[in-house]
1. Which order results if Val114, Val233, Val150, Val166 are arranged by neighbouring Cβ count within 10 Å, fewest first?
2. Apply the Karplus curve 6.51 cos²θ - 1.76 cosθ + 1.60, θ = phi - 60°, to the phi angles in segment 95-109 and return the couplings in whole Hz, x for Gly and Pro.
3. Need one number: nm distance between label points at Tyr377 and Glu280, each 7 Å from Cα along Cα→Cβ, rounded to one decimal.
4. Determine the equivalent ellipsoid of segment 96-174 by diagonalising the alpha-carbon gyration tensor, then write out the semi-axes as square roots of 5 times the eigenvalues, largest first, rounded to whole Å.
5. Taking amide H atoms as placed 1.01 Å from N in the peptide plane, list the residues 5 or more away in sequence, or in a different chain, whose amide H sits under 5 Å from that of Val60.
6. Using a basic spin-label model with each label point 7 Å from the Cα along Cα→Cβ, how many nm lie between Asp29 and Lys200?
7. Near the amide H of Tyr332, under 5 Å away, which other amide H atoms are found, from residues 5 or more places off or on another chain, if H is placed in the peptide plane?
8. Are there GluC sites (Glu not before Pro) in segment 254-361 that DSSP marks as loop and that have at most 15 other Cβ atoms within 10 Å, and which are they?
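Only the coordinates and a few stated rules stand behind these numbers; no lab work does. Owing to the predicted nature of the structure, the values given are computational and were not obtained by experimental measurement. Cβ placement follows ideal geometry from the backbone for every residue including glycine, while neighbour counts extend to all protein chains displayed.
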Amino acid sequence: MRMNRRILFASLLVAGVLPFLPARAAKDDLQQKVDAIFKGVTQPNDPGLAVLVLKNGQTVFEKGYGAAELRTDAKINDKTNFRLASFTKQFTAMAIMLLVHDGKLRYDETLTDVFPDFPAYGKNITIRNLLTHTSGLPEYEDLMDATEKVKGPTWTPEKQIQDDEVLELLKKEKAGKFAQGTSWAYSNSGYVLLGLIVAKVSGLTYGEFLHQRIFVPLRLNHTVAFQKGKNEVVNRAFGHTKEGNLFKETDQSSTSATLGDGGIYSNLKDLAFWDKALREHTLLSEKEMRPALTPVRLNDGSQTCWPKETGDDPKAAPRHVEYGFGWFLDPYQGHERSYHDGETMGFRTTIQRFAEGQWTIIVLCNRTDLNPETLAYKVADLCWRESDSSSHSATGTARLPQIKTVIPGIAHFAASPCPSRSSVTNTSQ
């Protein structure tokens, strides 16, 4: 009788464990394949990168490679804080949306509503225009260059331009690059102003508002809007540039102090909580988030396009672009996604959120010779192949035709011709 009970217990144990073995083996195999993508791109003592892969909010892969900085050779891990650069813009957009939620701001308010002394060319530029890069504002880096041609060197990595100086430069202009809503041009100026608007409307600094309304509620405990001399970045990665076979620390530039367009530092651990909040609509309802995930259209209803650049083939078709509030929304190989890249002195970053399989891929680099977006695509392609393989193995049948899944709230429109606006220049992200 005792033997029969043992046999029965063993049988039940095996029956309970066996179904999980293939899933565990598949996860281990995927982790090894993801690791193989990254382990060859950097050396342990060189600047490197941090990688996070989530599926349905669960961590599938998380690892740091290389050194956060070369003076102490501190290694990169899930708590290493990288400068996000333009990855920051989704946080700035969220701050604006929270103020709209609070009833303190409207998307149709204009620059002159918020800043009464702003020149007349801002009287029709709305908060929505700033969020979607359809404002036509001059690019502040161009205005810096023009100023220095007249006055000589004005800003340096030690004496960086501040947000209020950007506003003053824009106030000196008489006109924008184009009338609001008639074209699209990526605008760091717009997001610097959005950061200033967050401060003015909330009565807090930009960093204080984000800390109180986003970072603390979501447990982003070590994420910070960095201001030199006012706060510190713990576990900080420093940016680097490769020159020949050597790396040079290139962590700050004359524009590194602006906030709303790229001033946040964060890490994999905190960004996993950020992804969870977006997935679960922790800060805003799905309805409230919908404008952020709906591609903007121009005043005439046409689709937005990247501006023509010097040297582009004038006969080439314009490149379409889909942008919401702080998120690019262009599909990748037919897969719906919301994403943003960041590029600044010493750093390259990306967040890629895909609807199919609910995958999120985050790559943060503290060196400029790596392309995190390309690396993220390799991971995405691998994840889908592995998912297809697992599905086929589990069913023993061929995969059914793919039904496109849409991220809740994202709306896509049929492509329409982009107007040619050769006078508009593209700015880097």
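1. On the way: Val114 16, Val233 19, Val150 7, Val166 25.
By the 10 Å Cβ count, ascending: Val150, Val114, Val233, Val166.
2. The phi angles translate into 4, 4, 5, 5, 5, 5, 4, 6, x, 8, 8, 10, 5, 8, 5 Hz.
3. 3.4 nm
4. Working: eigenvalues 150, 41, 22 Å².
The three semi-axes for segment 96-174 are 27, 14, 11 Å.
5. Result for Val60 returns Val53, Leu54, Lys55.
6. 5.8 nm
7. Long-range HN contacts for Tyr332: Arg337.
8. Working: sites: Glu280, Glu286, Glu288, Glu309, Glu322, Glu336, Glu343, Glu356; in loops: Glu309, Glu322, Glu336.
Listed in order of number, the matching sites are Glu309.
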